[in-house]
Protein chains: 2
Amino acid sequence: MAQKPSIPKGTRDFTPSEVIKRNYIFDIVKKHFQTFGFQPIETPSFENSDTLMGKYGDEGDRLIFKILNSGDYLNKVDYATYSSKNSNALTSKISEKALRYDLTVPFARYVVMHQNEIDFPFKRYQIQPVWRADRPQKGRFREFFQCDADVVGSDSLLQEIELVQLYDAVFTDLKLEGVNIKLNNRKILSGIAEVIGAQDLLIDFTVALDKLDKIGEEGVKKEMAERGLTPEAIAKVEPLFSLSGSNLEQLQALRDLLKDSETGSKGVEELTYIVSTLEELGLQSAKFSIDVTLARGLNYYTGAIFEVGAPEGVKMGSIGGGGRYDDLTGIFGLKDVSGVGISFGLDRIYLVLEELGLFPESIDQSLQVLCLNFGDKEALASLKLVSALRKNGVKSDVYPSNAKINKQFKYANNRNVPYVISIGENELAENAFVVKHMESGEQQTYALDAVLDFVAKL
Amino acid sequence: MAQKPSIPKGTRDFTPSEVIKRNYIFDIVKKHFQTFGFQPIETPSFENSDTLMGKYGDEGDRLIFKILNSGDYLNKVDYATYSSKNSNALTSKISEKALRYDLTVPFARYVVMHQNEIDFPFKRYQIQPVWRADRPQKGRFREFFQCDADVVGSDSLLQEIELVQLYDAVFTDLKLEGVNIKLNNRKILSGIAEVIGAQDLLIDFTVALDKLDKIGEEGVKKEMAERGLTPEAIAKVEPLFSLSGSNLEQLQALRDLLKDSETGSKGVEELTYIVSTLEELGLQSAKFSIDVTLARGLNYYTGAIFEVGAPEGVKMGSIGGGGRYDDLTGIFGLKDVSGVGISFGLDRIYLVLEELGLFPESIDQSLQVLCLNFGDKEALASLKLVSALRKNGVKSDVYPSNAKINKQFKYANNRNVPYVISIGENELAENAFVVKHMESGEQQTYALDAVLDFVAKL
């Protein structure tokens, strides 16, 4: 019986136009990953469950897609577990594999398993789908691509500087000028918590501070109070709300504020080196600024924290982010491997490029030339012509049947083909072909053995 | 606790060198898909189970990876099903989604769901992973990429001709010359079964015939007898074993043999048109030949059948195959959509290119230039130089710390870097950089503002 087909919620089919636009972004990102010396790796779509479980918190564990064991999987389930009819308890007995939840944990696993063949520092990039059993909603999917570049095995701040340059190179090449790269350092946040006497409340403090954009200064203060910060501590935070001036002036203010915290001072020193070097080198089109409210996955990052905002005027969450983490591979038994990395938010970048009309105009021309089909004999000549065009890299085709010419032209229009070629009876007799430029309507005749003259005009 | 990490059996990590080589193949395949007018689509990694189940036979159903429902999935399982403790019965209650098993069924689903926005004939290509819970063995994986090009909505034999040209274009570009493209037609097999009076035994007949390469003429005859063909029928098959001469001569022999079968004659006519047109057009480096023993998924194909063998002297199964099928989308309710398609066997092509040493030599140079690091001040100058190189598309890097020079050179060697640049104290004073060509050992000095002179030499 025929079914009316559908796809699972939170997943997407990508049409030719969408794939081509997505690949346009991926290709530019990859090009710059490569010029910056990053190397690609790929890991399996599913991992052993114990590689993934427990790495993303309880909520993460819940959102990991589990794969049912094959065959008579119930055969191995003991009576007690089965009769409890408890989903959680049963899962570990009937499922040994799970779909990748992000690219970071598989990367850590990769580094540990391949440590003897890797030349450190290891700069890797990885562009693959991940899966999360999240509630689907606008812009949130159950399958989506992540696009990460990380360096492991080097604690040099040159890496942080290069990663900012990498963002700049990619967004400049995508013609997305004016993105705002925000920089912070986990050590600065720790230092602030320390000097205001709220070390124990570091997470609460930063979660509240992170909301400055959304709820304003008064809102942040209120939330800090609710989260248990004392009025004295909140008063001491005050200067953060009024940081102003150039990046280096703000850093000077932070230096004063944090002079009694060793950690905080170290954070200011690191950020100063990054910022002053970037100012010396200059960026092509991106802006960068210090943002001490930036927290992003605080428990994870130990040094630099990055986030990229869309250019002014575009309403969109962050289109990229990252930071330094000190112990990526410790979970798998390899200690003291420092890493720093960034990611690109493909789906959001796509939406921004679409909104601003930044995809190249020619991107929808998946076919440059269509040869009309006037019957077997003419089609053979067309096929010879098209073979020559294809050898020269021209995307071209012969209409497969001698359907009515209107129908063939309609196909050419629908596929947005710029040039339509006719080889009819007359042209065949004269060893010629006629090219019609669809936009202008102009026609030009070429000799069949002068294909390259036409190719040269494309 | 640190775990010793591993990956699920039948899956693979791909190292940088492997990813680069795989992408080299994909990129060439894609380039030709595009010049032949094919458009890319992508479908979700998992489909609703009822989209996939029942489409690949019982064995296929068993090999499909099922995804466990999220949350308290046992909550919805009725008492009777649960207490039967039957894996098969439980699966449909606790799993609604399954991983893609091939690209063909999802493509059929796509065509039906998107039929109103597709311009037929629709030439699509799709390169994505598929998953099968097969027993892993040498060369057989649980996750592997398929690489398909299909045309739907046209029954023109021009498509078959173009698909052979496409194989030729791809393998020629991969420098894999002399592949053997074998051609057959399902109608010829049906016709033979008809004229020998074995229509009911068509499958048995073709399964036996397909083994001619492996078990020889006597073996095939023995198997045919075991499968129930009469001695008279087997005697009538005799001429197939001695088909010889050119393709067109073989077709003439088949024409005589099948003159009383309408279906068989139609098959000979189709194949004759394809073969004579291909001989008229000529191929670049591939050979093609008729092979009436070729059956490949007989129940599936209705017209042309293709298979590509590696060049002579390379022991490898088929590296590609395909054919025409008349009713791809009928399973999803869209009737009378004829399709024809081919696929490329990536993993095997990779092994063949590796065996014959056909990957480009430069493919292992993921870094073209490494700048040595002599300390902060020199590194800043190096970073400026590298930024300029990168803007010119040169894959380049600065060693991230001023480690011992031996260690830095070792890294350059391990990464197979052809050029190492030094900017030490002296060079900095003279606004210069020194380039060492690692293979020859030759050194050359350039002015810091003459980066393009160096780029031009790359």
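Is it the case that region A:46-54 has a residue that's within 30 Å of residue A:274 (Cα to Cα), surrounded by 21 or more Cβ atoms within 10 Å (Cβ to Cβ) and more than 7 Å from chain B (Cβ to nearest Cβ)? No, every residue in region A:46-54 fails to be within 30 Å of residue A:274 (Cα to Cα), surrounded by 21 or more Cβ atoms within 10 Å (Cβ to Cβ) and more than 7 Å from chain B (Cβ to nearest Cβ). Within region A:351-370, the only residue that satisfies the criterion of being free of Cβ contacts under 8 Å to residues at least 24 places away in the same chain and closer than 19 Å to residue A:314 by Cβ is A:357. For region B:390-410, the candidate set comprises residues that are within 8 Å of chain A (Cβ to nearest Cβ) and buried (at least 20 other Cβ atoms within 10 Å of the Cβ); within that set, the residue that is farthest from residue A:124 (Cα to Cα) is B:390. Going through (1) among the basic types (Lys, Arg); (2) within 17 Å of the chain's Cα centre (by Cα); (3) more than 15 Å from residue B:45 (Cβ to Cβ) one by one, residue A:142 falls short only on (3).
Consider region B:317-348 and keep the residues that are charged (D, E, K, R) and assigned to a loop (DSSP other than H, G, I, E, B). The one that is surrounded by the fewest Cβ atoms within 10 Å (Cβ to Cβ) is B:335. Look at residue A:242 and say whether it is polar (S, T, N, Q) and touching a residue at least 12 places away in the same chain (Cβ under 8 Å). In short, no.
Identification of helices (runs of 4 or more DSSP H) wholly contained in region B:222-285 with 2 or more residues that are of a type in the set (Ser, Thr, Tyr) and modelled with pLDDT of 90 or more yields B:262-281. Considering every residue within region B:193-212, establish whether at least one is within 30 Å of residue B:349 (Cα to Cα), of a type in the set (Gly, Ala, Ser) and either touching a Phe, Trp or Tyr at 6+ places or on another chain (Cβ under 7 Å) or not in a helix (DSSP H, G or I) (or both). Within region B:193-212 (the criterion being within 30 Å of residue B:349 (Cα to Cα), of a type in the set (Gly, Ala, Ser) and either touching a Phe, Trp or Tyr at 6+ places or on another chain (Cβ under 7 Å) or not in a helix (DSSP H, G or I) (or both)), the answer is no, since none of the residues qualifies. Scanning region B:202-233 for residues that are among the aliphatic types (A, V, I, L, M), free of Cβ contacts under 8 Å to residues at least 24 places away in the same chain and farther than 25 Å from residue B:316 by Cβ turns up B:224, B:225.
If a residue has to be of a type outside the set (Val, Ile, Thr), within 14 Å of chain B (Cβ to nearest Cβ) and closer than 13 Å to residue A:371 by Cα to count, how many in region A:416-437 make the cut? Walk me through it before giving the result.
Step one: list which residues in region A:416-437 are of a type outside the set (Val, Ile, Thr), which gives A:416, A:418-419, A:422, A:424-433, A:436-437.
Still in the list and also within 14 Å of chain B (Cβ to nearest Cβ): A:416, A:418-419.
Those left that are additionally closer than 13 Å to residue A:371 by Cα: A:418-419.
Final tally of qualifying residues: 2.
All told, residue A:110 falls short of being farther than 30 Å from residue B:366 by Cα and not acidic (Asp, Glu).
Quick check, is residue B:110 within 7 Å of chain A (Cβ to nearest Cβ), in a helix (DSSP H, G or I), without any contact (Cβ under 8 Å) to a residue 12 or more places away in the chain and of a type outside the set (D, E, K, R)? No, not satisfied. Picking from residues in region B:148-167 that are more than 10 Å from chain A (Cβ to nearest Cβ) and among the acidic types (Asp, Glu), the one that is nearest to residue B:302 (Cα to Cα) is B:160.
If the condition is being among the aromatic types (Phe, Trp, Tyr) and more than 8 Å from chain B (Cβ to nearest Cβ), then region A:61-94 contributes only A:79. Residues that are part of a helix (DSSP H, G or I) and of a type in the set (A, V, I, L, M) were ranked within region A:352-369; the one that is nearest to residue B:38 (Cα to Cα) is A:363. Taking the listed residues A:199, A:165, the one that is more than 24 Å from the chain's Cα centre (by Cα) and among the polar types (S, T, N, Q) is A:199, with no other qualifying. Residues that are among the polar types (S, T, N, Q) and part of a loop (DSSP other than H, G, I, E, B) were ranked within region A:55-100; the one that is surrounded by the most Cβ atoms within 10 Å (Cβ to Cβ) is A:69. Taking the conditions (1) surrounded by fewer than 18 Cβ atoms within 10 Å (Cβ to Cβ); (2) touching an Asp or Glu at 6+ places or on another chain (Cβ under 7 Å) in turn, residue B:213 satisfies each one other than (2).
Quick one: would you say residue A:157 is among the hydrophobic types (A, V, I, L, M, F, W, C) and either closer than 16 Å to residue A:39 by Cα or touching a Leu at 6+ places or on another chain (Cβ under 6 Å) (or both)? No; evaluated as a whole, the condition is false for this residue. Listed here are the strands (runs of 3 or more DSSP E) enclosed by region A:389-441 that have at least 3 residues being under 25 Å from residue B:169 (Cβ atoms) and at pLDDT 95 or above: A:396-398, A:419-422. Every condition in (1) of a type in the set (D, E, K, R); (2) without any contact (Cβ under 8 Å) to a residue 40 or more places away in the chain; (3) out of contact with any strand residue (DSSP E or B) (no Cβ under 8 Å at 6 or more places or on another chain) holds for residue B:425 except the one numbered (2). Picking from residues in region A:370-381 that are at the interface with another protein chain (Cβ under 9 Å from one of its Cβ atoms) and either assigned to a strand (DSSP E or B) or touching a strand residue (DSSP E or B) at 6+ places or on another chain (Cβ under 9 Å) (or both), the one that is farthest from residue A:138 (Cα to Cα) is A:379. Within region A:1-45, the set of residues being in a loop (DSSP other than H, G, I, E, B), facing chain B (nearest Cβ under 7 Å) and out of contact with any helix residue (DSSP H, G or I) (no Cβ under 7 Å at 6 or more places or on another chain) comprises A:4, A:6, A:7, A:8, A:11, A:12, A:15, A:37, A:44, A:45. When you check residue A:361 against the structure, is it out of contact with any strand residue (DSSP E or B) (no Cβ under 6 Å at 6 or more places or on another chain), more than 13 Å from chain B (Cβ to nearest Cβ) and modelled with pLDDT under 95, yes or no? Here the answer is yes, as residue A:361 does meet what is asked. Only one of the numbered conditions (1) more than 32 Å from the chain's Cα centre (by Cα); (2) in a loop (DSSP other than H, G, I, E, B) is violated by residue A:178, and that is (1).
The values are calculated or read from the model by the stated rules, or taken from the named source; none is laboratory data. Here the structure is a predicted model, which is why all the values come from computation and not from measurement. Glycine also receives a Cβ, built like all others from the backbone with ideal geometry; neighbour counts cover every protein chain displayed.
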